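Report on the following structure.
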Amino acid sequence: MQKNNLYYKSTRGDKKKVLSAEAIIKGIADDGGLFVPETIHRADNDVYKLKSTDYKELAFLIMREFLTDYRQDELKDCINKAYNNKFDTEIIAPLNKKMGVYFLELYHGPTLAFKDMALSLLPHLLKKAAQKLNLNQEIVILTATSGDTGKAALQGFANVEGTKIIVFFPYQGVSKIQERQMLTQEGANTYVIGLKGNFDDAQREVKEIFEDSAFNEKIEEKNHIFSSANSINIGRLIPQIVYYFYAYLNMLGEGEIKIGEKINIAVPTGNFGDILAAYYAKEMGLPVNKLICASNENKVLADFFETGVYDKRRELIMTISPSMDILVSSNLERLLWLISEKDTQQIKELMNSLKEKGCYRIDSEMKEKLKNFYGGFAPQEESRQCIKEVFEKSKYLIDPHTAVAYAAYKKYIKETGDKTKTVIVSTASPFKFTKSVMVSIDSRYTKFNDFELIEKMSDLTQIPIPSGIRDIEKKPIRHKIVCEKGEMRTKITKILE
């Protein structure tokens, strides 16, 4: 049965409503706001009966609630192409019970990070959207990355007909393995540029490029249009909702919980997309008690949940969890829109305040609606201790981002005594952060470089080296451009000449 169409609109008040295909193509609304669904439908209760479901079946049931303008056969085709043998496990997103919690492993895709869960699908959704809208321009995917999105997007869009992808990453601000993954990316339509700045610089400039009508007109004259692979694109966000339902169904199937029993979810958080997807799952009816938003030393989100003040006026700290080295969490805007009762004028004022003053304060009514969240943070040394503790006690290896979530979870339990069963989102493979992980376990690994430690990590864990990084240090560097913050438009123009 065909559902009524769900429309998307801007968080900042643009009156134009669009269907999901157009929202996915555009990436960002004309007024600079983010696209949000007008309503979030509750998931069909039949979902909870699918204890033995496969990931693809569940993905279809969840995503059809949001992508109502895609025919069933179109959506199923996209899903089948996304979740295939490029993942190294049939389960796609295994749940591993260790240390009394449930680690949701989202790193079994080709680039060893949770971004594969959505970015394996986005190119297919985008291509189908272009067909539906009869677009004949080349789609240019413009992406800022704090480390993992870049490689996952490059992998997803490499050699996809009718597209080019340009990725900006903070030069010397990601792990050596993350950097090498991007710089060795094959594909005639792929471009990687190191930015002399941080992720926030890259993200801000990309957003401004989307909003720059004169620049966009020049690009369109050359038969190109911009789109995004960042989680500001609703097509990135929606697929991420699926794995929270999948974790819950797995716990049901294993007899770990009963139907309707609530769980906690702890998420290592940078740009706020992954934990927002968990909130959307809760809004769809998933029984969630508390969402634990975990930050590293860049604890702008932890401070926000405690005080109701978002203040980016602080120095960005480079840490061993680089994908979280962010001071402007873009997707928080979507949550603010929901808790403000969809007051677009208020959101516009808050975002203007952030841009002009570097901070904003939400009112007491909005703050009250954040009680579903707990904001925690973990300094680097604490993350290292968690990596060591989990490995020594359970022989299970976690990456530095997952360690931040585990540390925040431990603090939450200590403060509250909450005995609710908890899923910890494991966002990246430890093989992407060999130096940080291995040195956390034993200082004798300090003398080895990141690439030498790949094999040593494999020996230690008896886990085969993932194919995505096997012999990565021997692959030729294909991308060598580095630019200043003010040169991004120039570099883009040159690529598209």
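All of the numbers you see were taken from the coordinates with simple rules; none came from a lab. Everything quoted here is computed from the prediction, not taken from an experiment. With ideal geometry, Cβ positions are generated from the backbone for all residues, glycine too; neighbour counts draw on all protein chains shown.
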- Message: List the trypsin sites (Lys or Arg not before Pro) within segment 350-420 that DSSP assigns to loop and that have no more than 11 neighbouring Cβ atoms inside 10 Å.
- Response: 371, 395, 419
- Note on the structure: In this structure, among 348/480; 81/421; 49/282, pairs with alpha-carbon gaps over 27 Å are 348/480; 81/421
- Please work out whether segment 50-165 counts as rounded, prolate or oblate from its C-alpha gyration tensor, where a ≥ b ≥ c are the square roots of the eigenvalues and a/c under 1.5 means rounded, while otherwise a/b larger than b/c means prolate and anything else oblate? oblate
- Task: Can you figure out the FRET efficiency of residue 261 with residue 372, using R₀ = 22 Å and their beta-carbon distance, to the nearest 0.05?
- Result: 0.85
- Message: What whole-number distance in Å separates the alpha-carbon centres of segment 1-57 and segment 82-133?
- Response: 19
- Item | Violating pairs (Cα-Cα greater than 18 angstrom) within the set 435/456; 76/128; 9/290 | 9/290
- Task: Describe numerically, in nm with one decimal, the distance between label points set 7 Å from Cα along Cα→Cβ at residue 172 and at residue 136.
- Result: 4.8
- Query: Hey, if you put +1 on the Cβ of every Lys and Arg and -1 on every Asp and Glu Cβ in segment 1-153, which of 133, 10, 103 ends up farthest toward the positive end of that dipole?
  - Reply: 10
- Item | Cα centroid separation - segment 463-490 against segment 320-355, whole Å | 30
- Message: What does the charge count around residue 101 come to, taking other residues whose C-beta lies under 10 Å from its C-beta (Lys +1, Arg +1, Asp -1, Glu -1)?
- Response: +4
- The distance between the Cα centres of segment 427-450 and segment 193-208, in whole Å, is 27
- Full extension between residue 311 and residue 463 adds, at 0.36 nm per residue less the Cα distance, a length in nm of 50.5 nm
- Item | At R0 = 45 Å, FRET efficiency that the Cβ-Cβ distance of residue 349 and residue 481 yields, to 0.05 | 0.75
- Query: What FRET efficiency comes out for the pair residue 447/residue 490, r = Cβ-Cβ distance, R0 = 41 Å, nearest 0.05?
  - Reply: 0.45
- Task: Take the Cα coordinates of segment 4-97, assign each an equal point scatterer, and use the Debye formula without solvent to give log10 I(q)/I(0) at q = 0.10, 0.24, 0.25 Å⁻¹.
- Result: -0.35, -1.18, -1.22
- What is the fewest-to-most order of 329, 321 by other Cβ atoms lying within 10 Å of their Cβ? 329, 321
- Note on the structure: From DSSP H assignment alone, runs of 4+ in the chain each adding -39500 (n - 2.57), the sum over residues rounded to the nearest 500 puts [θ] at 222 nm at -12500 deg cm²/dmol
- The exposure ranking of 124, 479, fewest beta-carbon neighbours within 10 Å first, is 479, 124
- Message: Test of understanding: ordering 267, 206 by Cβ neighbours within 10 Å, fewest first, what list do you get?
- Response: 206, 267
- Okay, which of segment 133-148 sit inside 15 Å, backbone N to the point 7 Å along the Cα-Cβ direction of residue 161? 135-139
- Message: Translational diffusion coefficient of segment 376-431 at 37 °C, 0.692 mPa s, Stokes-Einstein with Kirkwood Rh over Cα pairs, in µm²/s as a whole number.
- Response: 285
- Mean Kyte-Doolittle of at least -1.0 and a Cα length of 20 Å or more along the axis: which whole DSSP H helices of the chain meet both? 234-253, 400-416
- Task: Quick one: of 127/474; 393/419; 312/485; 355/491, which pairs are farther than 27 Å apart, Cα to Cα?
- Result: 127/474
- Which label marks the calculated value of percent of Cα pairs over 45 Å apart, given the options [x] 6; [y] 24; [z] 13? [x]
- Out of the DSSP beta bridges found with both residues in the chain, what percent are antiparallel (nearest 5)? 25
- Query: Counting pairs of alpha carbon atoms under 8 Å apart in space and at least six apart in sequence, what relative contact order in percent does the chain give?
  - Reply: 18
- Query: Going by the alpha-carbon gyration tensor, a ≥ b ≥ c the square roots of its eigenvalues, is segment 226-299 rounded (a/c under 1.5) or, if a/c is not under 1.5, prolate (a/b greater than b/c) versus oblate?
  - Reply: oblate
